[in-house]
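Okay, so here's the structure we're looking at.
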Amino acid sequence: MTAQTASTEITSDVAAGGCHGGKARLREAAAAAGKSETLEGYAADYPVGPHDQPQSMCPAFGSLRVGLRMRRTATILSGSACCVYGLTFTSHFYGARRSVGYVPFNSETLVTGRLYEDIREAVFKLADPALYDTVVVTNLCVPTASGVPIQKLPREVNGVRIIPIDVPGFGVPTHAEAKDVLAGAMLRYARNEAENGPVAAPRGGASARPTVTLLGEMFPADPVGLGMLLEPMGLAAGPVVPTREWRELYAALDCAAVAAIHPFYTAAVREFQTAGREVVGSAPVGFEGTAAWLDTVGRACGVSAAAIGVAQDRALPAIRAALAQAPVKGRMTLSGYEGSELLVARLLVESGADLRYVGTACPRTPWSNPDREWLESRGVQVRFRASLEQDLEALAEYQPELAIGTTPVVQKAKQRGIPALYFTNLISARPLMGVAGAGSLAQVVNAALANQSRFDEMTAFFEGVGDGDTAGVWPSQPVMHPEFRQRQRKAKAKASVIEEPV
Ligand code: SF4
């Protein structure tokens, strides 16, 4: 097989199977094209389970969003036009408000190495120090599978840092972990800079108190609340990673300890540990979560037991009161792919919810252990790398009065007349921590639970109008022909056997 043929086949595999097909072939191709080390690193950092391919959005959206949120950072994507269209569309839908660079390719530029030259040229054109601190270059599925060697790009051009990353859907399982790919690469770069000379101070000057770096994107008010919790221990909240500005990376590394609020940042954690920082899991959610977190963080920062006690005494009574004033009642299931699912679950349980199941697309890590153990000790089933099928099984098994989940889970629940809330937009985008977080879920959750009678009315109203293949308005009663479907299925199976390469 010529290189040209191989490349054309990779491109057409992606076109035919998209994110859900041809994965093994793409992996093989990428390994043969010299990307084995990258893929092995991803396999170690992001172990896969039953859910080992995108069931939601393209993973690269995670890293794209991290870059687009940073000041003075330019982004270049290299991938199939359809992938780039989807990624840019989604990023503008979520208010990116800046351009995304794109280097197009065809089979010829892919196999002759011209694509790499085109990317290099684009990087040199874009790297203007008056405009940018950093240019992030991302290889999507096809260029990764074809071995486009973006790691060979210069480390900097005109004083602008160049950060090349491969983010293939067949190597990085979720968009959450793609955020870690970029955050980890940036931290590694910044750590090397800091080890080799003086670096820029934080915009507002260095903190007078030792800081705790917060790992994971969170509601904007949460870092403020965390700072108030830490203050009695003589500590301050440090930067949130992924950061909004390059110089914050140095401040993030220069901390007393790291709080892995979101537990899936494996590459970022590795950088902090290499810099000699202790990393602790969980977050100050609810009464017990806050008590435990203050204790763990305080000890990691060498704070005295007395000072930890003062911080707990100052925060916990108000949290207990807020939880008591905003109780939540009802049987629930929860699933999502943001990485904060276990924290929300803890808060729901402490608010009084009868939570039966938590599914997260993220993997189990040492930093999710405190939350997993707490939830399991209260009888909640916790499933990491949960697939959509497993989330739906939980829906069927636990018959919740409220399902909090991803779009397809919410859709299925509503079809069954069960009130449901979309996790990403309605739940994870709320304050969760400290006093502000303690009562924040009750309003939205209780309002959704109170909708049951409306669902009952709607179900009764539409009773008998048909569903699935018989849904819609028909001049006469539709007649099902299951034998047609059976015949098509057999024909398709036969065709796929013939097409299977030997
Ligand atoms: S880059 Fe993203 S959208 Fe394109 S094939 Fe890969 S996973 Fe799918």
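What follows draws every value from the coordinates through simple rules; no lab data is involved. What you see is a predicted model; the values in this text were computed from it and never measured. Cβ: placed from backbone, ideal geometry, glycine included. Neighbour counts: every protein chain shown.
Of the helices (runs of 4 or more DSSP H) contained entirely in the range 139-237, those carrying at least 2 residues that are away from the ligand (no atom under 16 Å from the Cβ) fall at 175-195, 222-230.
With the structure loaded, tell me whether ARG69 is within 27 Å of THR424 (Cα to Cα) and within 21 Å of the chain's Cα centre (by Cα) or whether it fails that test. Criteria met by ARG69.
Go through the range 164-205 and give me each residue that's charged (D, E, K, R) and within 30 Å of LEU388 (Cα to Cα).
Answer for the range 164-205, where residues must be charged (D, E, K, R) and within 30 Å of LEU388 (Cα to Cα): ASP166, GLU177, LYS179, ASP180.
Does the range 123-132 hold any residues that are in a loop (DSSP other than H, G, I, E, B) and out of contact with any helix residue (DSSP H, G or I) (no Cβ under 8 Å at 6 or more places or on another chain), and which are they? Spell out how you get there, then give the answer.
Applying the first criterion (in a loop (DSSP other than H, G, I, E, B)) to the range 123-132 yields 127-132.
ALA127, ASP128, PRO129, ALA130, LEU131 - these are the residues of the range 123-132 that are in a loop (DSSP other than H, G, I, E, B) and out of contact with any helix residue (DSSP H, G or I) (no Cβ under 8 Å at 6 or more places or on another chain).
Scanning the range 92-122 for residues that are in contact (Cβ under 8 Å) with a residue 12 or more places away in the chain and part of a loop (DSSP other than H, G, I, E, B) gives TYR94, ALA96, ARG98, VAL100, VAL103, PRO104, PHE105. The residues listed here are ALA268, ALA311, ALA251, ALA283; of these, the one that is crowded, with 21+ Cβ neighbours inside 10 Å, aliphatic (A, V, I, L, M) and outside any helix (DSSP H, G or I) is ALA283.
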